[in-house]
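Student: Structure incoming, see below.
The values are calculated or read from the model by the stated rules, or taken from the named source; none is laboratory data. Remember, it's a predicted structure, so these values are computed and weren't measured experimentally. Positions of Cβ are generated from backbone atoms using ideal geometry, with glycine treated the same way; all protein chains shown enter the neighbour counts. These accessible areas exclude ligands, DNA and RNA; they are computed on the full protein's heavy atoms, side chains included. Shrake-Rupley method; radii C 1.70, N 1.55, O 1.52, S 1.80 Å.
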Amino acid sequence: MPIIVNLDIMLAKRNMKSKNLAEIINITTANLSILKSGKAKAVRFSTLEAICKALDCQPADILEYVKE
Amino acid sequence: MKRNLILNSAVTFCNIINLIIILMFLGWTFLFVHLQIDKDYYKNKEVNLNNLGFTYSLVSKWKVNNKSLDKDVYEINKIKTTSIYILYLQYSISLILIFLSFKEFQKVLSSVKRIQTFEINNEISFRRIGQYTFVYFLLTSFRYISFELGGLKAITISLTPIIILLLAFIMAEIFKEGSLLKQENDLTI
């Protein structure tokens, strides 16, 4: 998949744990793990909005397009 | 509630059919054994290959002595032992295949009851039903019975198994698409 999820980097920058983020954005840790591992097929705008709000960042900070 | 009532009725119907198939198999086995023990009981009982339903049959008969009457040649008690064994195997396997098909259908029904409709297992079940029906179609498409004073062979093309086979494969494709959609939905965060 040419879309890379840089959620781990943002979490490290904000010094936040996955579990905390999952609680704030109200999704399960299992789903957050799917998102982090790049196995997710799609991301809802509402989830993206909640992540950006919690990590105080832009969607581009989390998602990156890399040519295959 | 209504949905469960219909599903429960379908499951009960499948159970009844499976029971009938088991009884048919036992009856068929009894006939197979009895025919070899007491052949005289089947004297004057002629073999009839006329089928009903959406079937096209091509039957050819032959006799050792052309002057002898059909009812004297094609009697059940005059079937050769090898033919009895072939017929027994043919019908037993057919019954087993019908039984297995209903079992697979019951699996699908129970998964729908558990609200796990679009699972990959249902696609596999329908594909299996299609494969079983194909083997059933092949098994029932030919008959070869050898008698002491003659014989008959028939090629039968039955439309019912072909229709069931096609429907089963179409349903398998529908469930495959459904499971892909479900997977995509599950992986949308």
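Student: Criterion first (within 11 Å of chain B (Cβ to nearest Cβ) and at pLDDT below 90) does A:Lys36 satisfy it?
Tutor: yes
Student: Looking only at the stretch B:102-137, which residues are open to solvent by less than 20 Å² (accessible area, probe 1.4 Å) and under 9 Å from the mean Cα position of the chain (by Cα)?
Tutor: Hit for the stretch B:102-137 is B:Thr133, nothing else.
Student: Within the bounds of the stretch B:138-150, is there any residue that is assigned to a helix (DSSP H, G or I), at pLDDT 90 or above and surrounded by 20 or more Cβ atoms within 10 Å (Cβ to Cβ)?
Tutor: no
Student: Filter the stretch B:47-58 for residues that are modelled with pLDDT of 70 or more and open to solvent by 70 Å² or more (accessible area, probe 1.4 Å) and give the result.
Tutor: Of everything in the stretch B:47-58, those that are modelled with pLDDT of 70 or more and open to solvent by 70 Å² or more (accessible area, probe 1.4 Å) turn out to be B:Tyr56, B:Leu58.
Student: Can I ask one more? Can you tell me which of (1) touching a helix residue (DSSP H, G or I) at 6+ places or on another chain (Cβ under 9 Å); (2) away from chain B (no Cβ under 11 Å) is the one A:Thr28 doesn't meet?
Tutor: Among (1) touching a helix residue (DSSP H, G or I) at 6+ places or on another chain (Cβ under 9 Å); (2) away from chain B (no Cβ under 11 Å), the lone unmet condition for A:Thr28 is (2).
Student: For the stretch A:39-68, enumerate the residues that are within 14 Å of chain B (Cβ to nearest Cβ) and hydroxyl-bearing (Ser, Thr, Tyr).
Tutor: A:Ser46, A:Thr47
Student: Only one of these conditions is not met by B:Leu167: (1) in contact (Cβ under 8 Å) with a residue 40 or more places away in the chain; (2) away from chain A (no Cβ under 14 Å); (3) assigned to a helix (DSSP H, G or I). Which number is it?
Tutor: Here B:Leu167 meets the rest and fails (1).
Student: Looking at (1) farther than 18 Å from B:Thr188 by Cα; (2) open to solvent by 90 Å² or more (accessible area, probe 1.4 Å); (3) not β-branched (Val, Ile, Thr), which is the only condition A:Met16 fails?
Tutor: Checking A:Met16 against (1) farther than 18 Å from B:Thr188 by Cα; (2) open to solvent by 90 Å² or more (accessible area, probe 1.4 Å); (3) not β-branched (Val, Ile, Thr), the one that fails is (2).
Student: Which members of the stretch A:24-68 meet the condition of being touching a residue at least 12 places away in the same chain (Cβ under 8 Å) and loosely packed, with under 11 Cβ neighbours inside 10 Å?
Tutor: The answer is A:Asn26, A:Asp56, A:Tyr65, A:Val66, A:Lys67, A:Glu68.
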